[in-house]
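Each reported figure results from applying straightforward, stated rules to the coordinates on display, with no laboratory input. All of these numbers come straight from a predicted model, not from anything done at the bench. Every residue, glycine as well, gets a Cβ built from its backbone with ideal geometry; the counts of neighbours run over all protein chains shown.
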Amino acid sequence: MDGGQLIIVGAGGFSQEVISWADHAQQAGALPRIRGYLVDHGYPQLNQDYDLPCLGDLNGFSPQPGDTCLVAVSDVSVKRQMVLQLKARGVRFSSLVHPSAVIARTARLGEGCIVCPFSLLSAGVAVGDFTTVNCHSSIGHGSQVGSYSTLSAHVDITGDVTVGESTFFGSGARVLPGLNIGNNAKVGAGAVVMRSVPAGATVYTSPARKLC
């Protein structure tokens, strides 16, 4: 790696997990070392076990030469807001792919993505910017996932699925092949999606039904 350093954005539960996974990637030579972390004003900071300095809040942050940020936030709307704030300050972004993840040679990842341990991106998959693929989740062949989306743990996006931007999948959700999931949709934990989901809809249970 070059002389740059990594800034973690966030201090919540997911951020704490990402710090551990970033350590693994750094040991494998895939990420620079972590310089510290940023939090929104008024949010709790990490405890002392993490031995990382708080570098302030997003609005007051001035990156040093070589710094890149990793936005470790699962809420899709908050994540998008943070990214836009940081971009306005000229921040550059890193992606994190855990060494245990399996990424097909024809899969494509956008900027600022987080691909967590034991996840799978199959052949021809395209993942948009700032999307999170959490532990043990998979995206099947030919599927596309839009920017700012979040797949929680154990999500199964099967083949040839199209997912819009800022879409959230709860743990254990499953989408059958060839379906479309619209922008800003939410798929509840454990839901099995057997029909396409319109933009902005929330679906849950098995088979998935529209909640709102």
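Working only within the range 154-183, note down all residues that are over 22 Å from Gly124 (Cβ atoms) and touching a residue at least 40 places away in the same chain (Cβ under 8 Å).
The answer is Ser166, Phe168.
Go through the range 1-48 and report how many residues are among the small types (Gly, Ala, Ser), more than 16 Å from Ala72 (Cα to Cα) and without any contact (Cβ under 8 Å) to a residue 12 or more places away in the chain.
So the count comes out to 1.
For the range 150-172, which positions are assigned to a loop (DSSP other than H, G, I, E, B) and not β-branched (Val, Ile, Thr)?
Ser152, Ala153, His154, Gly159, Asp160, Gly164, Glu165, Ser166, Gly170, Ser171, Gly172
Being out of contact with any strand residue (DSSP E or B) (no Cβ under 9 Å at 6 or more places or on another chain) and free of Cβ contacts under 8 Å to residues at least 12 places away in the same chain, is that true of even one residue in the range 122-142?
Scanning the range 122-142, I find no residue that is out of contact with any strand residue (DSSP E or B) (no Cβ under 9 Å at 6 or more places or on another chain) and free of Cβ contacts under 8 Å to residues at least 12 places away in the same chain, so the answer is no.
Return the residues of the range 49-62 that are part of a loop (DSSP other than H, G, I, E, B), touching a residue at least 24 places away in the same chain (Cβ under 8 Å) and not aliphatic (A, V, I, L, M); say none if nothing qualifies.
Asn59, Phe61, Ser62
Can you give me the number of residues within the range 114-129 that are buried (at least 24 other Cβ atoms within 10 Å of the Cβ) and closer than 19 Å to Gln16 by Cβ?
3
Give the range 12-35 a look and list any residue that's small (Gly, Ala, Ser), more than 15 Å from the chain's Cα centre (by Cα) and surrounded by 16 or more Cβ atoms within 10 Å (Cβ to Cβ), or say none.
Passing the criteria: Ala25, Ala30.
Checking the conditions here, which among Val78, Val91 is assigned to a loop (DSSP other than H, G, I, E, B), hydrophobic (A, V, I, L, M, F, W, C) and surrounded by fewer than 24 Cβ atoms within 10 Å (Cβ to Cβ)?
Val91
Do we have Gly66 as in contact (Cβ under 8 Å) with a residue 60 or more places away in the chain and on the phi > 0 side of the Ramachandran plot here?
Taking the combined requirement at face value, the residue satisfies it.
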